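Below is one structure, written out as structure tokens, with a few remarks after it.
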Amino acid sequence: GAAAAAGVLVAPPALLDEGNMGLLRRIVAVLEGGREASKRRALVPELLRRPLAAPLRPFVAHYLVRRVPQRIARASAEELMSLLGVLESIALVPQGAEFYLHQVMPTTFLLCLSPAIGSRSLRRRAAALIGRIASRYHDSIPEIYDQAWRVLEEALRRRPPLGVVTGAAHALVALGPASASQVLAPAFREGGLAAHLAALLRPPSSPSAASAPGASEVGTTRGRPPAQGAAGIPGMGGKRGSAAHLAGAGAGAASSAEGVPKRQRLAAERSARAVAAAEQEERARAEAFQALLNVAGVAGRHQLSSASFLIESIAVSFGVEPEPLLAALPEVRDLRGSRLLAAPLRLRSGPGRS
């Protein structure tokens, strides 16, 4: 019979017949295929939802618990999304998933919380699956919410980057209103989350002109002053003022002149990359801000006392005025895109912010 491990049923060992083993190999080959296999990967979830595929599901779950960590830092968002679709298909079947949820849940949490995830939609979809699994199986696995909350509590305690904070907030929303008081409020009150967010959001000090790239090279060659001859011409000595040396000096000047556009182009490329990085960081801040507000909004909708505390804590962490947000409760969850949050990080200038 099936044994229970940490409240999650573990399937007894079973052998696949030759036909199912061949089908499992083909499924794995498709999931490990490159871009050319993307269309076939989209067919795998539908196949695994069929009743005849039930014997394969524990083996697919076992495969994914190894495959996803191997690929998470290198795979495209499309590939990871397809793997998440497979997890959805085997986790939400009418019956039997309890036997392998102990493998599905950690893999889904990884897709929600890994710092390597750059896709916002992937995090949200993984968080939604966590909530759906907990809601569906809490009768047969009563401790599933407590286990999920412990994972999120630990993730927030580790001083994570903003993307992980955002993923945790999405998962807390998906797990329901009790998540606000069980996880997020203690994280702000006792876990140092407010101070951690404030530190993450503090802009770096601007570099001085002396340390700016290339500043030490003005009027120099690789930071060294040019040699001066007796006649005051770079590269010429007092006794070697020949036409050849003059020609060499002229060629060097021409080469230097040709290098100016290249330096300007490189500087422009560096500037463009800096602007793109700043825009990406701003989007990450805004998404984390809204995701945390969503948790407070869920608490507000259910008239939980933690809602106001969360709003104030989030506002202080992000350097915004809490009063408009408090006035908007419990609809704060629906403020995405509104005038109030059109530029949430600029509502108030906090310490070190412009």
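Subtracting the Cα-Cα distance of A267 and D139 from their residue separation scaled by 0.36 nm leaves 40.0 nm. Solvent-accessible surface of segment 71-163, taken per residue with a 1.4 Å probe and all protein chains present: 43 Å². Using only side-chain charges placed at the Cβ, +1 for Lys and Arg and -1 for Asp and Glu, the dipole size of segment 49-139 relative to its Cα centre rounds to 200 debye. Relative protection proxy for 18-26, 78-86, from highest mean packing down: 78-86, 18-26 (other beta-carbon atoms within 10 angstrom). Ligands, DNA and RNA left out, the 1.4 Å accessible surface of segment 102-141 is 48% carbon and sulfur atoms.
The values are calculated or read from the model by the stated rules, or taken from the named source; none is laboratory data. Predicted model, so just to flag it, every value in this text is computed and none were measured. Cβ sites come from the backbone with ideal geometry, for glycine too, and all protein chains shown count toward neighbours. Ligands, DNA and RNA are stripped out before the accessible areas are found, and what is left, the full protein with its side chains, is counted by its heavy atoms. Shrake-Rupley method; radii C 1.70, N 1.55, O 1.52, S 1.80 Å.
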